[in-house]
Every structure is written in C-alpha cells, then in structure tokens.
Amino acid sequence: MESLGFIEVRGVTAAIDALDIMCKTADVRFVTWERRLGGWLVTIVIEGTVSAVTEAVEAALARSLVKPCAHAVIANPHEETARMVAISASRLKKV
C-alpha cells in the first residue's frame, strides 16, 4: 500500500458522489467506508500511488455535492494505520 486517501462528508449520497469523482479522476481503489451518527458522517477510504490519491482527493474536494468536512492523504502509512484500515475493510467482506 503506497498511500491512503480519506474524505469525510455529510451523508451517504454525498459520499458516493465523492467516491465516484475520485475513482473517475485517478487510478485509485476503494478500500472501505465508515458511517457514523446514522450515516450523517461518512468517511470514504481509497488507496493508490501518492500522486493518484492526492489528485483524487483534490478532485473530490473541488467537485463534491457537499463540501467535505475533512480530508487527508497519508503517504506510506504506518503498519498500524494500515491494520486499522484493513479491519474496517474486513467488515465489508462479511456483507
């Protein structure tokens, strides 16, 4: 895993829109998502090269339906950070 990108937005529809923008903008892969407060806050996690993730996150910031609450790009994530994301992603596979 070279880089992780995070976008947190208000609402599931806005999160799906942000993910669509990110995936169409750069060569990134969807990893997982987390919903909090009944879906009021949704965090989308993507992975890819540092440049692709940065480009995707910046595109989502500029073009999302709803202005994201928070965002981050983590280059070369620490193994514990990667493990935390993997735990979240493993919950998707159970569905």
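The values are calculated or read from the model by the stated rules, or taken from the named source; none is laboratory data. Quick caveat: nothing in here was measured; it's all calculated off a predicted structure. Cβ: placed from backbone, ideal geometry, glycine included. Neighbour counts: every protein chain shown.
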Residue tally, condition surrounded by fewer than 16 Cβ atoms within 10 Å (Cβ to Cβ), in contact with a strand residue (DSSP E or B) (Cβ under 9 Å, 6 or more places away or on another chain) and not in a helix (DSSP H, G or I), over the range 60-82: 8
Residue ID - surrounded by the most Cβ atoms within 10 Å (Cβ to Cβ), chosen from residues in the range 17-50 that are closer than 17 Å to S88 by Cβ and of a type in the set (S, T, N, Q): T43
The range 7-31: number of residues that are at negative phi and not in a helix (DSSP H, G or I): 10
Options V57, V53, V85: the member that is buried (at least 16 other Cβ atoms within 10 Å of the Cβ), modelled with pLDDT under 95 and either part of a helix (DSSP H, G or I) or not hydrophobic (A, V, I, L, M, F, W, C) (or both): V85
Identity of the residue in the range 1-23, of a type in the set (D, E) and within 12 Å of I46 (Cβ to Cβ), that ends up nearest to the chain's Cα centre (by Cα): D20
The range 55-66: number of residues that are more than 14 Å from the chain's Cα centre (by Cα) and either within 18 Å of W33 (Cβ to Cβ) or hydrophobic (A, V, I, L, M, F, W, C) (or both): 3
Residue list for the range 22-45, restricted to those being out of contact with any Leu (no Cβ under 9 Å at 6 or more places or on another chain) and basic (K, R): K24, R29, R36
Residue match in the range 35-44 (condition: in contact (Cβ under 8 Å) with a residue 24 or more places away in the chain and assigned to a helix (DSSP H, G or I)): yes
Any hit, the range 6-16, residues being surrounded by fewer than 19 Cβ atoms within 10 Å (Cβ to Cβ) and aromatic (F, W, Y): no
Residue match in the range 12-28 (condition: within 21 Å of A82 (Cα to Cα) and among the basic types (K, R)): no
